[in-house]
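Let me begin by presenting the structure, written as structure tokens, before commenting on it.
The values are calculated or read from the model by the stated rules, or taken from the named source; none is laboratory data. Just so you know, these numbers come straight off a predicted model, no measurement behind them. We place every Cβ from the backbone using ideal geometry, glycine too, and count neighbours over all the protein chains shown.
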Amino acid sequence: MTYECIGKRSEKPYIIRDTQTGIYSIEELLYYIRENIFMLDPADYGRSLSKFIRRDLGLQELGEKYELMLNEERSFADRMCMLYFHTGFAGEAETETIRKALTMSEHMSNNDAHRVKGDFYFKSGRTAEAVIEYQAALSLIDEEQDPHDAAKLLSGIGSAAARNFKFERARSYLEHAHSLMPEDPGILDKLIAASRLEMNDEKFLEYMSEKNIPENIYSRVLDKINNAEKKALKSESAKALSDARKAKRDGNYSEYVRIRKNVLKDWKRKYRN
């Protein structure tokens, strides 16, 4: 879908403090709100936002209307929906859906709030912050009374550990999650993958036998790992690093360093984007 941009693009970003996200236009703001609707902190959208809308985006009338709603102590949902309505970023039906979601989020439990933030950070690649939120949510529940939520949180922590190549730690959390929700195929697949990446062939097979995991199940996960490895080896980065290793073997150390620097530069660019 295409939207007609209104207002200016700010030279300096409006910072959403809760996630340290920089916003440069009204369209970016409304897109961010819609995509992260269950993890918004109303404190990030006070008078500084009305000033940003007026001064930095050049939307004087919209900023003044927002300021007036603040003075009238209108709800967070009302203020956000006003922005959607007056910018045309969302139609009537979608705006009403946004209103319902914002109203629901205001009554979200602390546990749910931490979990939602954890999911957001994990998807954004900010695994350390994701783990902090998952652990905070985990501390607020009793795993015996709510094994499902506990298992999902433990699985999230395990997945974050695996992303940082801490496979033994990942397996430990996923094993705990699997003990709470043995019927969840997603958690079991993650446990198998983390175990395989942690262990050599012999230890892995012993572990599968110890956990009574059928061969047809772990073989399917191993196939996925092998396919992912093959795909990774075909990437431009993998080919470049292979050329770098060849240059090093040939004694061309300056070429080895140059290629590695370019690969790292490309990785950083992709991560920032």
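Of note:
- If the condition is being within 17 Å of Met39 (Cα to Cα) and either at pLDDT below 85 or in contact with a Phe, Trp or Tyr (Cβ under 7 Å, 6 or more places away or on another chain) (or both), then region 128-155 contributes Glu129, Ala130, Glu133, Leu153.
- The criterion of at least 2 residues that are farther than 19 Å from Pro13 by Cα and at pLDDT below 85 is met, among helices (runs of 4 or more DSSP H) falling completely within region 36-122, by 92-106.
- Taken over region 131-161, the criterion of being surrounded by fewer than 21 Cβ atoms within 10 Å (Cβ to Cβ), under 18 Å from the mean Cα position of the chain (by Cα) and of a type in the set (Gly, Ala, Ser) is satisfied by Ala136 alone.
- Of everything listed in (1) closer than 17 Å to Asn111 by Cβ; (2) under 19 Å from the mean Cα position of the chain (by Cα); (3) not acidic (Asp, Glu), the single unmet condition for Phe165 is (1).
- Whichever residue in region 20-35 is outside any strand (DSSP E or B) and polar (S, T, N, Q) and, among such residues, is surrounded by the fewest Cβ atoms within 10 Å (Cβ to Cβ): Gln20
- Residue under evaluation Gly125, criteria (1) small (Gly, Ala, Ser); (2) closer than 24 Å to Glu35 by Cα; (3) surrounded by 17 or more Cβ atoms within 10 Å (Cβ to Cβ), criterion not met: (3)
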